């Protein structure tokens with residue numbers, strides 16, 4: 001996993017726990033429960049999306 005993604009995992013965990021970003025928690029739970037993806041892998045997938053959004057904002 002890239003260093004950037006590793007640094008984003010805590011942000012993803014914070015978003016999962018936050019009441020302000022309930023959609024992140026719903027996606028995470030859906031990946032884990034419905035798609036049967038391991039929690040760590042689901043967090044990495046969300047981190048990739050977060051990194052992509054951050055890159056778009058910088059452009």
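Values quoted throughout were computed directly from the atomic coordinates according to the rules given, and no laboratory measurement underlies them. What you are looking at is a predicted structure, and each value in this text was computed from that prediction instead of being measured. All Cβ positions, glycine included, derive from the backbone under ideal geometry; neighbour counts span all protein chains shown.
Remark: spin-label model distance residue 4-residue 21 equals 1.6 nm, labels positioned 7 Å along the Cα→Cβ axis. The simple Förster model, with R0 at 35 Å and r as the Cβ-Cβ distance, assigns residue 32 and residue 58 a FRET efficiency of 0.70. Remark on the chain: hydrodynamic radius 11.6 angstrom, per the Kirkwood mean of 1/r across alpha carbon pairs. Taking the C-alpha atoms only, the angle from helix 3-17 to the longest principal axis of the chain is near 50 degrees. Estimated from helices alone, the mean residue ellipticity of the chain at 222 nm is -26500 deg cm²/dmol (sum of -39500 (n - 2.57) over DSSP H runs with n ≥ 4, per residue). Computed from Cα atoms, the angle from the helix 39-58 axis to the main principal axis of the chain rounds to 30 degrees.
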